[in-house]
1. So how much slack lies between residue 111 and residue 215, counting 0.36 nm per residue of separation and subtracting their Cα-Cα distance, in nm?
2. Would you mind computing, in nm to one decimal, how far apart the modelled labels at residue 24 and residue 91 are, each placed 7 Å from Cα along Cα→Cβ?
3. How far is it, in nm, from the label point at residue 15 to the one at residue 226 when both lie 7 Å from their Cα along the line to the Cβ?
4. What FRET efficiency comes out for residue 4 versus residue 37 if R0 is 45 angstrom and r is the Cβ-Cβ distance? Round to the nearest 0.05.
5. Across region 43-52, in residue order, what do the Karplus-derived ³J(HN,Hα) couplings come to in whole Hz, using 6.51 cos²θ - 1.76 cosθ + 1.60 with θ = phi - 60° and x for Gly and Pro?
6. Using the basic label-point model (7 angstrom from Cα toward the beta carbon), what is the residue 202 to residue 60 distance in nanometres?
Amino acid sequence: MHLIEVNNQDKPESMIEESTIPKDISELLNKFCHQKNTTPFIVLFSIFQLTLASIYQKENFFVGISDSGRDHPDTESMLGLFIHNPIFKVSGVSRISLNDMVKKVQEDYSDVIKYPMPSLSKIIKTLGGIGRRNGFNDFCQACFIMQPNYNDELFFGDAKMEKLNIVSNEVRLIYEMSCWQGKSNELTVMLNYDKTKSTSHEAKKLLATYVLNIQKLLVNPDSTTVWIK
């Protein structure tokens with residue numbers, strides 16, 4: 001189920017590669033989302049899954065997301081970090097269009113959010129002991145994060161908090177792909193990766209292929225592409 005076979009148990013070392021999506025493609029993304037009644041997160045997460053399938057030529061693997069974990073209304077007034085890490089199983093994407101992939105991911109997202117624990121329990125029963133020690137990290141080697149568009153400076157009462165321009169200083173997995181929506185339809189894509197398990201060349205290839213797929217698929221969302229040969 002893993003994308004990459006690694007035996008390296010060294011302490012993770014974080015490196016970041018960054019790219020900017022052209023403004024016309026960002027506008028095309030917003031237009032596509034409006035037409036399909038979906039969000040940039042769903043579309044960009046869909047393309048990320050297809051990119052991983054294509055590069056690693058894997059039909060079945062796990063990929064995760066991170067969200068705020070603030071499902072209960074009592075958490076809305078609380079400061080602090082609440083993290084929820086749903087796990088998605090990617091399969092059946094060997095030949096598919098962006099339109100069909102978006103529908104698939106919407107359905108998967110609805111199921112994973114609705115039934116997060118049964119899904120994880122089922123995976124643990126299937127794979128055995130792994131997952132009991134490190135949980136999310138034992139299943140996923142890649143994760144996708146969609147960062148919100150907010151002001152560079154945030155205020156909680158009189159306290160000022162500055163916006164961070166990276167997801168984290170330490171990568172938890174091998175790859176964390178994050179997308180940031182800017183103020184003028186700008187879209188920045190960052191790949192935070194563990195350099196003890198991935199080379200700079202491999203990381204740059206993943207990022208460049210992802211950016212290329214975003215442009216290519218948004219221009220031709222009906223085109224059926226062979227992702228796994």
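Please treat every number below as a calculation from the coordinates, not as lab data. The structure presented is a predicted model; accordingly, all values stated were derived computationally and were not measured. Positions of Cβ are backbone-derived with ideal geometry, glycine not excepted, and every protein chain shown enters the neighbour counts.
1. Working: separation 104, 0.36 × 104 = 37.44 nm, distance 2.83 nm.
Answer, rounded to one decimal: 34.6 nm.
2. 4.1
3. 3.3
4. On the way: r = 35 Å, r/R0 = 0.78.
Efficiency computed from Cβ-Cβ geometry: 0.80.
5. Coupling constants for region 43-52: 5, 5, 5, 4, 5, 5, 4, 5, 5, 4 Hz.
6. 2.3
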